[in-house]
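Each value in this text was obtained by applying a stated rule to the coordinates, not by laboratory testing. Since we're looking at a predicted model, the values are computed, not measured. We place every Cβ from the backbone using ideal geometry, glycine too, and count neighbours over all the protein chains shown.
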Amino acid sequence: MSEAGRALACSVGVVHAERIRVWRVDELPLPQAPALREAVAAMGLLGASTLGLTLGHAVLVRHGHLDIRIASHEFRHVHQYEKAGSIACFLPVYVQQLVTHGYANAPLEIDARLHEAASGERGEHLLLRASDPSRSDP
Ligand SMILES: [Zn+2]
């Protein structure tokens, strides 16, 4: 990730921004188990409108949707994972919030939305590595 990407991650509280890897994907992965798949669908997670998914320091964003707003939102989830200590510690709390409050009102989602940067700016430059000769920043 570029300096700009790391700076954005740090600005929303990420401690180990250097560990973040952002992948642009055609489809967000669904759980293999049918029961989990149904639960995920029932909670409104990973539907057609879902653009990003964060698991620890791994951030997946659908092709064509990486912008500053999405990146800052998903990076805030990275911060939440770091605070929880692990994926295994974070996910049960997060899923319980979705079940109890629904996606829009889950405290961890509200927190992520409060840390979103203004939308509009494309986010590809966030991914350029510092050593990338095509980087556009001076
Ligand atoms: Zn979110």
Give region 17-27 a look and list any residue that's surrounded by 14 or more Cβ atoms within 10 Å (Cβ to Cβ) and not basic (K, R), or say none. A17, I20, V22
Can you name the residue in region 51-79 that is within 9 Å of the ligand (Cβ to nearest atom) and not charged (D, E, K, R) and, of all such residues, is surrounded by the fewest Cβ atoms within 10 Å (Cβ to Cβ)? L53
Among G13, G5, G52, the single one that is in contact with a His (Cβ under 9 Å, 6 or more places away or on another chain) and over 21 Å from P107 (Cβ atoms) is G5
Given the conditions (1) closer than 27 Å to H125 by Cα; (2) surrounded by fewer than 13 Cβ atoms within 10 Å (Cβ to Cβ); (3) touching a residue at least 12 places away in the same chain (Cβ under 8 Å), report the number of the one that G102 does not fulfil. (1)
Output yes when any residue across region 68-78 is under 19 Å from V99 (Cβ atoms) and either in contact with a helix residue (DSSP H, G or I) (Cβ under 7 Å, 6 or more places away or on another chain) or acidic (D, E) (or both), and no when none is. yes
For residues that are in contact with a helix residue (DSSP H, G or I) (Cβ under 7 Å, 6 or more places away or on another chain), within 18 Å of E18 (Cα to Cα) and polar (S, T, N, Q), tally how many sit in region 79-97. 1
